[in-house]
Structure formats: structure tokens, C-alpha cells
Amino acid sequence: MALRAPALPLPLLLLLLLLPLRATGCPAACRCYSATVECGALRLRVVPLGIPPGTQVGTVWSCGRTGCPQGEEDPRSGISASSFPGLQTLFLQDNNIARLEPGALAPLAALRRLYLHNNSLRALEAGAFRAQPRLLELALTSNRLRSLRSGAFAGLAQLRVLYLAGNQLVRLLDFTFLHLPRLQELHLQENSIELLEDQALAGLSSLALLDLSRNQLGTISREALQPLASLQVLRLTENPWRCDCALHWLGAWIKEGGQRLLTSRDRKIMCAEPPRLALQSLLDVSHSSLICIPPSVHVQPLELTANLGEDLRVACQASGYPQPLVTWRKVPQPREGRPRAQAQLEGGALGLGGHSASDTGSGMLFLSNITLAHAGKYECEASNAGGAARVPFRLLVNVSRQQPQQPAQPPPPAARPAGREPRPEAGSMAFRALGLATQTAIAAAIALLALTALLLVAMICRRRRRRKKARGPPGEGALFVNDYSDGPCTFAQLEELRDERGHEMFVINRSKPLFAEGPAEAPADCGPAEGAGPGLRVPPPVAYEIHC
């Protein structure tokens, strides 16, 4: 009877499961175990390559007292084989990862827990975790996420816990978490969320904990929390709540039964606005004090005529509490046959630009380079929790008529230099078609050029006058030196030369030097460069007698 190897003790089996993988299947500096890879605090900028997926990472043989099944027995030890389930936990925290490269996590299909907290992630691409259908926990705490795109969590149908605290989120748009039907915990605290759209939490039917504390929320609607049918814990503290009529429902809901979702600390929802209710608890404020002032709208004038090519600004002044949101829109007109004069301009095609005006948030309608397409009826709407108000505004576009016929002028030249177009005159239709700002700039440039030309002419004339004044009598200040090496000329000859030229004359007698520092045998009639001996580098100074 063949003897079978005894079964491995349970502690020894657990030790084998926790043994690190071989270095050949683990990224550098990371620590790899049977189902866990740790790559934290390594200053990584991207997800490291070569992370072992963990499927079939090793084989453990074990058999019970009854023996191993036929075909699954190690011939050497008689222990049956079983495979590890695959990589389930990946630690990438405390690094500098700024972006999840496409496909970086694709091989890790068996992943259950992914920790990416304390990194530099700025955005999540749509479908970034689509290859992790088994993921249960995702930690993105303390990154730099400013927004969440629709579809960023697509494919995470099994996710239970999502950590997004400590980021820079400002708005949560509709259907952001639509692909997380089994999510149970959503941590959004310590962000800058100031707007939670009505359908932002749609699809979170299994959510039990929602943490929105320490944000910038001023209000929240009943519709935003309505999809949370399984909610058990709600945290809303440390937000600048605006206690007006929009929060009527929240106070009543907490008093009626919502307080079961709030701890004693979470019930302290403090008002930040209006000033008369600041630092008071919402639960202590009576419903009659939670008021809103419906908006009122004023547009002046209600009708305006603009010229083609101009820029236009129309102010819409809105008042109310809370501050109304102002929206401009163009009212669609029924399609009718328009007169030909309105449809075209001097036979040219009509440009359809700037057809509508979107919400600017400042109550100002901006229209640039006005065309016939801008003409029509507009509407300014202001809305807040107290209601909405609208004011119509009509814009007319002035189509300039053709200029009266001018006397016959000579025909233009047959050909113009290529690339040069005639400049429109101030009274021409082409000049009128320019915008008001453009016309003003052209006029200012022409005036500046004219002023510059006048200044140049004045400077030229002034310099000419100075030159005329600076001129003296002929010959004044001139000095003529005549070299008569054959001897001095007489004073009569000097006077004769003076009379002919009118200049002062000087005569140099090179045959009579006054002094000479050099060899005695040097010739007397040498010039300053010739009196030095051949061995001297610097010629000696020589002075000659000058007669005048």
C-alpha cells in the first residue's frame, strides 16, 4: 500500500500564500505578494509597468486524509494543486501620479481594491476603470480633481466604497455616478463643491453613507437626495448654508424623520446667510424667517437700432434674494418669407453669426460684428428660488441705403498691383459697414499721422533757421597752412593771398628749425617722420618757424 504525504498544516499553507513573488515578476522597488502589490511612496509619476496580474501566480499542493482526486496529484509529493485567485489589492498611494494612462490597469481584471490616494491626479478619463469589473473599493482621496466627467466610473458595477475627499471639486453634474448601482459609501468631504445638480446622485439606489461636509454648499434641493432610497448616514455640516425659502424642505425633512440619518453633530446645520440669521441653526429658525425675494428685471431701452458691423452691449439689471441667475436668449421667430432687401446686402451673402446669446452670469448681452441675423426679439430672464421674471428686448439692424448717383467719373485704371485693394472712403458703404470701434480707430490713426507730419515739418524748418543763424562771414574760423620749403615768403605775398582768398595764411619754413632733439648730422630739411635715425623707434620732435 502506497503511503501518501500528510496534508500541509494550515499555518504553513498561510505562510506560503504570503510569500513574496520572485523579483522577476515584480516592478522595481515594489513589494509583491500572492494577491497584493505595494508601490507606495516611491515618487512614481505613472502606474509602473510589469505589475503581475496574479492569475496562476503559483501552485500549492494539499490533500486531505481521503487523498487527492485522480489526475490532480503531484507524483513527487502526492499533494493536489490549486491556483491563487489573482492580484486583488494594489497600493499606489503617496506618489506623483498625475494621469492614468489608457490601458495601464487593463491587465488587472481581478483587482478588488485600488488605493491611489495622495497623488496628483487632475482628471479621470471616461472608462478609466472599465477593465476592473470586480473592483470593490477605490480610494482617490487628496488628489487634484476639479471635475468628474460623465462615464469616469463606467464599468464599476460592483464598487462598494468610493473615496473622493480632499480634492478640488467645484460642481457635481447630472448623472456623474450613474454607473455605480451598488455603491454603499460616497465620501465627498473637504472639497469646494458649491453646486449639486438635481440628478448628480442619480443611480445611487444602494448608497448608505453620503458625506458632503466641509464644502461650499449654499443650498441643496430635495430632488438631489431623492434617488438615495437606502441612505442611512448623511453629513452636511460646515457648509455656508443660505437659509432662505429653498431650504424650507430640509428643515422640515430633518424634523419629520430625516434626523435619524444625522448624528448629534451632523444636526448642527448653521446658517451663513442672510446676515440676520448668521450662526443660527437651521432647525432653530422658523419657517416664516426663511424667505426669498422674487427677482425683478429691468432693461433699458427695450428697443434698439444698431448699424451693420457694430458691437453691442445691453445691460439687464436684476434684483432679488438670493441673487438671481440672469440668462439671455433669442426668441425663435416663425419662418416667413423675408423681403429681399432684408435677406441680402448689396448682392452679397448674409453671414449667420452670433445667433443666440448664452447665460453670461453678469446680466450683460454681448453682440459683436452685428449682421442681419442678429435682428429679432430677445428675452432676459432672471430666476432664483423665489420665482422667475422675464423682459423682452427687440433689436433692429439698420440696412444702409445706396448712396445717390454721383457725376460720371473717369474709369479706374485697367490694372492694379496684385494684393492691393482700394481703401474705402469715409462716405462709402464699405466704410459704413465697419464697426463703430473700427471707424474710430481709423480716424484716430489718420489724425495721428497728420500730427506726426506737422511735427516733422516744424522740426526741419527749425533746424534750417539755426543753421542760417550759425553761419558767419566767409572764411571765418578757417586756417590755411602753406608749406614753402624753399624759404619764407614775404609779407606782401601773404597780403596778396589774404586779399585773394580772404582767409588767414600761415607759412612754414622747413629750412629753419627752431630746435631738434636728435643726431647732429640729421638733415635740416627732413620732416617730423624723417629726422630720426634708423635705430630709433620714435622720431624726435622738430619745430619749424612759422611766418604769418
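The values are calculated or read from the model by the stated rules, or taken from the named source; none is laboratory data. Quantities reported herein were computed from a predicted structural model and do not represent experimental measurements. Don't worry about glycine lacking a Cβ; one is built from the backbone with ideal geometry, like all the others, and counts go over all protein chains shown. These accessible areas exclude ligands, DNA and RNA; they are computed on the full protein's heavy atoms, side chains included. Shrake-Rupley method; radii C 1.70, N 1.55, O 1.52, S 1.80 Å.
Which one of the conditions (1) open to solvent by 40 Å² or more (accessible area, probe 1.4 Å); (2) part of a loop (DSSP other than H, G, I, E, B) does residue 255 fail to meet, given that it meets all the rest?
Going through the list (1) open to solvent by 40 Å² or more (accessible area, probe 1.4 Å); (2) part of a loop (DSSP other than H, G, I, E, B), residue 255 breaks only (2).
Restricting to region 131-159, give me the number of residues that are open to solvent by 60 Å² or more (accessible area, probe 1.4 Å) and modelled with pLDDT under 90.
Total satisfying the criteria: 2.
Residues in region 265-283 that are touching a residue at least 40 places away in the same chain (Cβ under 8 Å), assigned to a loop (DSSP other than H, G, I, E, B) and either open to solvent by 80 Å² or more (accessible area, probe 1.4 Å) or of a type in the set (A, V, I, L, M, F, W, C) (or both): how many?
0
Mind listing whichever residues of region 289-304 are open to solvent by 70 Å² or more (accessible area, probe 1.4 Å) and not in a loop (DSSP other than H, G, I, E, B)?
Initial filter on region 289-304 (open to solvent by 70 Å² or more (accessible area, probe 1.4 Å)): 291, 293-294, 298, 300, 302-303.
Selection gives 293, 294, 298, 303.
Do we find that residue 49 is part of a loop (DSSP other than H, G, I, E, B), closer than 18 Å to residue 107 by Cα, open to solvent by 60 Å² or more (accessible area, probe 1.4 Å) and modelled with pLDDT under 90 in this structure?
Yes, satisfied.
Which pairs turn up if I take residues in region 223-234 that are among the β-branched types (Val, Ile, Thr) and open to solvent by 20 Å² or more (accessible area, probe 1.4 Å) and look for partners that are at pLDDT 90 or above and assigned to a loop (DSSP other than H, G, I, E, B) with beta carbon separation below 9 Å, at least 6 apart in sequence or on another chain?
Hits for this filter: 233/208.
With the structure loaded, tell me whether residue 425 is among the charged types (D, E, K, R) and modelled with pLDDT under 90 or whether it fails that test. Don't jump to the end; show me each part of the working.
Numbers: among the charged types (D, E, K, R): yes; modelled with pLDDT under 90: yes.
Taking the combined requirement at face value, the residue satisfies it.
Residue 286 is checked against (1) within 39 Å of the chain's Cα centre (by Cα); (2) open to solvent by 20 Å² or more (accessible area, probe 1.4 Å); (3) more than 30 Å from residue 394 (Cα to Cα) and fails just one. What number does that condition carry?
For residue 286, the failing item is (1).
Restricting to region 453-481, name every residue that is part of a strand (DSSP E or B), open to solvent by less than 100 Å² (accessible area, probe 1.4 Å) and either modelled with pLDDT under 50 or touching a Cys at 6+ places or on another chain (Cβ under 8 Å) (or both). Break it down stepwise before answering.
Residues of region 453-481 part of a strand (DSSP E or B): 479-481.
With the extra rule that they be open to solvent by less than 100 Å² (accessible area, probe 1.4 Å), the set shrinks to 480-481.
The one that is part of a strand (DSSP E or B), open to solvent by less than 100 Å² (accessible area, probe 1.4 Å) and either modelled with pLDDT under 50 or touching a Cys at 6+ places or on another chain (Cβ under 8 Å) (or both): 480.
Listed residues 211, 174; which is among the charged types (D, E, K, R) and surrounded by fewer than 16 Cβ atoms within 10 Å (Cβ to Cβ)?
Numbers: 211 fails: surrounded by fewer than 16 Cβ atoms within 10 Å (Cβ to Cβ).
Just a single option satisfies the conditions, and that option is 174.
Among 88, 168, which is the only one that is within 27 Å of residue 201 (Cβ to Cβ) and open to solvent by 50 Å² or more (accessible area, probe 1.4 Å)?
168
Could you list, in sequence order, the residues of region 305-318 that are in a strand (DSSP E or B), touching a residue at least 60 places away in the same chain (Cβ under 8 Å) and open to solvent by 50 Å² or more (accessible area, probe 1.4 Å)? Even if it seems obvious, please write down each step before you answer.
Our first condition is that a residue be in a strand (DSSP E or B); within region 305-318, this holds for 305-307, 312-318.
Adding the requirement that they be touching a residue at least 60 places away in the same chain (Cβ under 8 Å) leaves 305-307, 312, 314, 316, 318.
Within region 305-318, 305, 307 qualify.
Quick one: what pairs do we get from region 245-258, first residue on the phi > 0 side of the Ramachandran plot, second open to solvent by less than 20 Å² (accessible area, probe 1.4 Å), C-beta under 9 Å, 6+ apart or different chains?
none
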